[in-house]
1. Using only the alpha carbon atoms of the chain, find the Kirkwood hydrodynamic radius as the inverse mean reciprocal pair distance, in angstroms to one decimal.
2. Which whole-Hz ³J(HN,Hα) couplings does the range 71-82 yield from phi under the Karplus relation 6.51 cos²θ - 1.76 cosθ + 1.60, θ = phi - 60°, glycine and proline marked x?
3. Using a 10 Å Cβ count of at most 16 others and DSSP loop calls, identify the longest part of the chain lacking such trypsin sites (Lys or Arg not before Pro).
4. Using DSSP to define loop residues, name the chymotrypsin sites (Phe, Trp or Tyr not before Pro) in the chain whose beta-carbon has at most 15 other beta-carbon atoms within 10 Å.
5. Per DSSP H run of at least 4 residues, take -39500 (n - 2.57); add these up for the chain, divide by its residues and hand me the 222 nm value, nearest 500 deg cm²/dmol.
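What follows is calculated from the coordinates using simple rules that are stated; it is not laboratory data. All values reported here derive from a predicted model rather than from experimental measurement. Here the Cβ positions follow ideal geometry from the backbone for every residue, glycine too, while neighbour counts run over all protein chains shown.
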Amino acid sequence: MADTLFEFPCEFPLKVMGRRSDDFRSIVLGIVQKHAGTIAADKIEERPSKDGTYLSLTCTFQAQSPEQPEGVFREPTACERVLDVL
């Protein structure tokens, strides 16, 4: 296992961006929470683009190991509704 910049467990922010729609938030949260567990409302930051076309969600969760963020990152990246994951 390669060295990591994080010490686990730790708070890990995951930013997911896509086109704004009525169900984008629930799709993203469903994917992230499947891997990270329930995320408290105060750990979810929602930010629309200037013109309202896009939406970014930053979900901060308690990562227990280096493998957990990798798993959480992989599934949203594969979702057709998601444009980018950071």
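1. So the Kirkwood estimate lands at 13.2 Å.
2. So the J values, rounded to whole Hz, are x, 5, 6, 5, 5, x, 4, 7, 6, 5, 7, 8.
3. Longest run free of exposed loop sites: 51-80.
4. Values: sites: F6, F24, Y54, F61, F73; in loops: F6.
Here the chymotrypsin sites (Phe, Trp or Tyr not before Pro) that fit, given the DSSP loop and packing criteria, are F6.
5. -9000 deg cm²/dmol
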